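Bear in mind these aren't lab numbers, they're just calculated from the coordinates by the rules spelled out. This structure is a prediction, so every number in the text was calculated from the model and none was measured. Virtual Cβ from ideal backbone geometry, glycine too; neighbours counted across all protein chains shown.
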Amino acid sequence: MKADNETLLLRGLAKNDRKAIETIYREHYNLVQALVLKNNGTAEDAKDVFQEAMIVLYEKAKSESFTLTSQLGTFIYSVCRRIWLKRLMHQNRFMIAEEGELELIGVEAEVEEQEQHNHEFATMEKAIGSLGEPCKSLLEAFYLEKRNMQDIALSFGYTNADNAKTQKYKCLMRLKKLFFSTYNSNA
């Protein structure tokens, strides 16, 4: 079924169908962005690399002789990785192994690893969403806003920083429980 959807997406891309292009972006851009950011790039670099890969994919999709022999995400990731490595080598930001060969992990393994990370992040977002107040706000204040416990105690009405710290711990344990119950039920 997935292969049929991917074939439809490629046909849509070849016809400049906006929905197909948006679907490809939505389903595959995050993997590419993570690749570029993890390897000395910026969000802007990731956009450029993905755009170049979309042009390659568009040209392939327009070709009558092109047959996709892997999953679409694997193909896009592989093209993007090649583009990004060439840029890094051109900018002298990538070290070349002995005899000019690049030391790389297989694309399939990298894609799987990144998809696993995306799954874990989505599960964490779901757990945070179901955490409830004041835990959600308290954890965001500490971990995202980097506020100190004294400031949090004042904002949340705790008698002192130690009480705020105790409550943060309880909230963190509750979040952990929510995360693993969701994670294990989806595994």
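Here are a few things to note about the model shown:
- Beyond 19 Å in Cα-Cα separation lie the following of the pairs Lys15/Lys60; Lys126/Lys146; Lys38/Lys126; Lys126/Lys165; Lys136/Lys176; Lys146/Lys168: Lys126/Lys146; Lys38/Lys126; Lys126/Lys165.
- Only Lys, Arg (+1) and Asp, Glu (-1) charged, at Cβ; the chain dipole about Cα centre in debye: 740
- The listed peptides 53-63, 77-87, ordered by packing as a protection proxy, come out as 77-87, 53-63 (highest mean of other Cβ atoms within 10 Å first).
- The translational diffusion coefficient of the chain, from Stokes-Einstein at 25 °C and 0.890 mPa s with a Kirkwood hydrodynamic radius over alpha carbon pairs, comes to 124 µm²/s.
- GNM top mover of Asp48, Asp17, Asp162 - the chain, alpha-carbon springs below 10 Å: Asp162
- Top of Leu172, Leu154, Leu13 by mean-square fluctuation, Gaussian network on the chain, Cα under 10 Å: Leu154
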